[in-house]
1. Placing the label point 7 Å from Cα along the Cα-to-Cβ direction, what are the distances from B:E151 to the equivalent spots in the other copies, shortest first, in nm to one decimal?
2. Would you kindly work out, in nm and rounded to one decimal, the distances from the label point of B:R69 to those of the same position in each other copy, ordered shortest first, with label points 7 Å along Cα-to-Cβ?
3. Using DSSP H assignments, which helices in chain B have an axial alpha-carbon span of 30 Å or above and a mean Kyte-Doolittle hydropathy of -0.5 or higher?
4. With respect to the axis carrying A onto B, what is the closest chain A residue by Cβ position, and how many angstrom separate it from the axis?
5. Nm distances between the label at B:K470 and the same-position labels in the remaining copies, 7 Å along Cα→Cβ, shortest first?
6. Which whole-percent values make up P(r) of segment B:56-129 when all C-alpha to C-alpha distances are grouped in 10 Å steps starting at zero?
7. Could you list the trypsin sites (Lys or Arg not before Pro) in segment A:113-213 that lie in coil according to DSSP, counting only those with at most 11 other Cβ atoms within 10 Å of their Cβ?
8. Pairs A:K241/A:K274; A:K296/A:K470; A:K142/A:K368; A:K142/A:K236; B:K181/B:K236; A:K61/B:K293: which are spaced more than 25 Å apart, C-alpha to C-alpha?
2 protein chains.
Amino acid sequence: MNKIVVVTTLNIRYIVDILREMNATESFIHHAMEIILEDAVKKATDVREKVCEWRSPEQLKELLDLELRDKGESESRVLQYCRDAIKYSVKTTHPRFFNQLYAGMDPYSMVGSFITEAITTSLYTYEVAPVFTLMEDTLLRKMIEMIGWDEGGDGIFNPGGSMSNMYAVNLARYRYCPDIKEVGLFAAKRLVILTSQEGHYSISKGAALLGIGTKNVYIVSSDKRGKMIPSALEEKIKLAKSEGAVPFMVNATAGTTVLGAFDPIEEIADICEKYNLWLHVDACWGGAALMSKKHKHLLKGIHRVNSVAWNLHKMLMVPLQCSAFLVRDKTSLLQHCHSARATYLFQQDKFYDVSYDTGDKSVQCGRKPDAFKFWLMWKALGTTQLEQIVDRAIAMARYLAQEIKKREEFQLVIEPEYSNVCFWYIPPSLRSVPHGPERWKKLHTVAPVVKERMMKKGSMMIGYQAHGDKPNFFRMVVISPQVSREDLNFVLDEIHNLGQDL
Amino acid sequence: MNKIVVVTTLNIRYIVDILREMNATESFIHHAMEIILEDAVKKATDVREKVCEWRSPEQLKELLDLELRDKGESESRVLQYCRDAIKYSVKTTHPRFFNQLYAGMDPYSMVGSFITEAITTSLYTYEVAPVFTLMEDTLLRKMIEMIGWDEGGDGIFNPGGSMSNMYAVNLARYRYCPDIKEVGLFAAKRLVILTSQEGHYSISKGAALLGIGTKNVYIVSSDKRGKMIPSALEEKIKLAKSEGAVPFMVNATAGTTVLGAFDPIEEIADICEKYNLWLHVDACWGGAALMSKKHKHLLKGIHRVNSVAWNLHKMLMVPLQCSAFLVRDKTSLLQHCHSARATYLFQQDKFYDVSYDTGDKSVQCGRKPDAFKFWLMWKALGTTQLEQIVDRAIAMARYLAQEIKKREEFQLVIEPEYSNVCFWYIPPSLRSVPHGPERWKKLHTVAPVVKERMMKKGSMMIGYQAHGDKPNFFRMVVISPQVSREDLNFVLDEIHNLGQDL
């Protein structure tokens, strides 16, 4: 009798403890959510607030109490860390953030991301991710439909476009020679990948990682607008063959990183068919145009390619990361290429249809359910509003280009084809310097100084880079529907304010 | 004059529109956060609720309105989708979820994950991720200290342990022959990786992806407890050499997936030193023991290895994903091995110390700031409470093993070394069947049926698998501090309830 009483008392105490802890936990989460809503959502997207509160690494180390100690800290201290982390982070969702190929805040996909974080799970099996498995499948089918693969296809979401591009290289290699999966490349003929000089560096990183080697990525020339030159592609294919190498894959780019150029897919597809090469399209940036009746012509011919990488976390504003790799294949190539059939995870004696277990299509084991974020956003906005996001971004970029042309202190690098607007700011002191190396040398130093000033002021963020033989220029990327014409006018005014003394 | 008035009216209208939209957005986020707190946090972790609301793929497709349409849907519909997504998802944070190597809910890292999602950014440059860059650095240093690399090291967070293990293969290969990055493997001698039969399948997937080939992963035998046999390792190294191949890397495992076994690192390190091989430790699961003074002996010798993969999203309960790859190297091997020096991102004429731009250490381009989640959790709990999580999980696993030994209807597969508890349930009908193939064949069918019943009931989730010559057994993994002895007793009672008629 005594024993039972003791056990019961312990149980009650245990339950009371648990309940007390649960209340503290709830209270903490509640407070933290308030901070997130106030600081990371409202203030972060408020045009009257700074886009960044710049501190050098040395200063920031002093401001943040970074050290990890033996003893835990109070709720109020932890909440202060949350506030500080937000305060000193760059507000990529701010209407004046144009620094990257992502920007803006979509509330639906953001909420979707909170849900996937709270319901922490992995997409390897239907068993632990039933809802997200079906949503990924739905989304992939819809995207395949938009690409125009009438006979269907397959796909998977990956942590980023680089991974998606690497999947393309691996699948192309697998199709060329499935044995490489087992025996490696040691006895293989030298394999060659072809991509344009404007293509993303992940193709090169992928070639290094996959044991193909960066030198076996043959760089095809692009024209002045940044588009791959089909005849140059064919020459490089012939060159590789004449060397005894095996070209097996072409990477075309839909929306290059700097200029936003679209390679001519139709003509490249003709060449790939002629030489039996896998054609992959890196549409990480430009894939969004498929949403737009007005602009999808930029990707004309994409229904003919073998695979596509398409990031939803760029122009479609899903929080990082949300990247789809899509493949026009109905023979389970993705599964065959990547499977390892781990028996502890992919048991075949389960009580449901194990073809829903998609994990063995991936080179990862745990894989986040990124698709849900975009699925929820699509539900909320519908295809129509997704289309409007894209149309608006491109229209705004064109408006900005027109404004640039009107102002003598600015010069377009190239007429924009998509939503990248590349331009120089020419400070008054430079206007009289004649065109030539001296002027270009001086111009090269302008953007970095203006950039430093804008960041220290916190008024806006825009990327810059040199490119080919061109000195440093600004690359504006317009994405968020929250960006107004006023914001774009502000950008030009502000650059002039910051740089007119240079 | 007229023109100015029109523009001003438009501006006011625009601002009113924006404000109205902002209010709607806020209201949506607010409601969604309430749902998350109520359904995905409180209910999901409440032991009185179901761990899963099982539906077959076909049923679930009917329940969820998956189709993506042209037209967007109302806020109330979208909120209902959120509720449904949570409702039909598996509650991996529930005290009765023991199915995977992750479980439980830590409020601090969860809140950290919400912040990184709201402040959507990428870790490539200090410029766009100043706070998270410094926090990643702090965390990596601290983890390096715990490993015991007195002279420091380097590291990076990756989307999952498989990626971290692949980084190890790539770095080991780069150290063996840096030229492979450029020229590929075509002229290289056949490379060989060694890992134990209990090692994770990501080594094999990595070998396939990296062009080394799955056949060039030599499998070293393990002993009965699941630990790599050092003499067998040396034999396999000699075998590879005798074939003219080049063994270049050994993968030891600290905490194997199924049995939770720890390879003897000291003895393996002796062999790796003798043959000049890169020694990587896949401590994705077992790394947590480094937090515990009582249990860190399990990884004795880890200070001698070249690299370590350590997942914080497993026993340390950070929401997926949070995986560190750590390397004992002070020569920027990580940078040299992976860099592509993209000029649009890693400009050298920036106004701050660009050594803080860590992006070129990665094979990714965009990379999530996963480190923040764990940094915030560590701040809140301190090393002391992180240690308690680990100690408690292992203590609970030992308690469960003792209970299993007390019950005639259960049988341990192996005495647990870590927090995996592997056991058979022997239904009454089987107890009289003599030991031998017939009994094992019948036993093999028990776990899948019990599993099906527990999921359909929603009372708990535990993994099972066959392993080597052993028929299907349950693998309980105890992680969450929320799990009580009562929960563990319940597990055994419930299996018996569900399976006693078999």
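1. 5.9
2. Those separations, rounded to one decimal, come out as 5.6 nm.
3. Correct list, ordered by number: B:2-35, B:371-406.
4. For the rotation taking chain A to chain B, the closest Cβ gives A:G211, 1.
5. In ascending order, 6.3 nm.
6. 14, 27, 34, 23, 3
7. Loop-located and lightly packed - none at all.
8. Pairs exceeding 25 Å: A:K296/A:K470; A:K142/A:K236; B:K181/B:K236; A:K61/B:K293.
Taken together, the values in this text are just the output of simple stated rules run on the coordinates, not laboratory data. Just so it is clear, the model here is predicted, and its values are computed rather than measured. With ideal geometry, Cβ positions are generated from the backbone for all residues, glycine too; neighbour counts draw on all protein chains shown.
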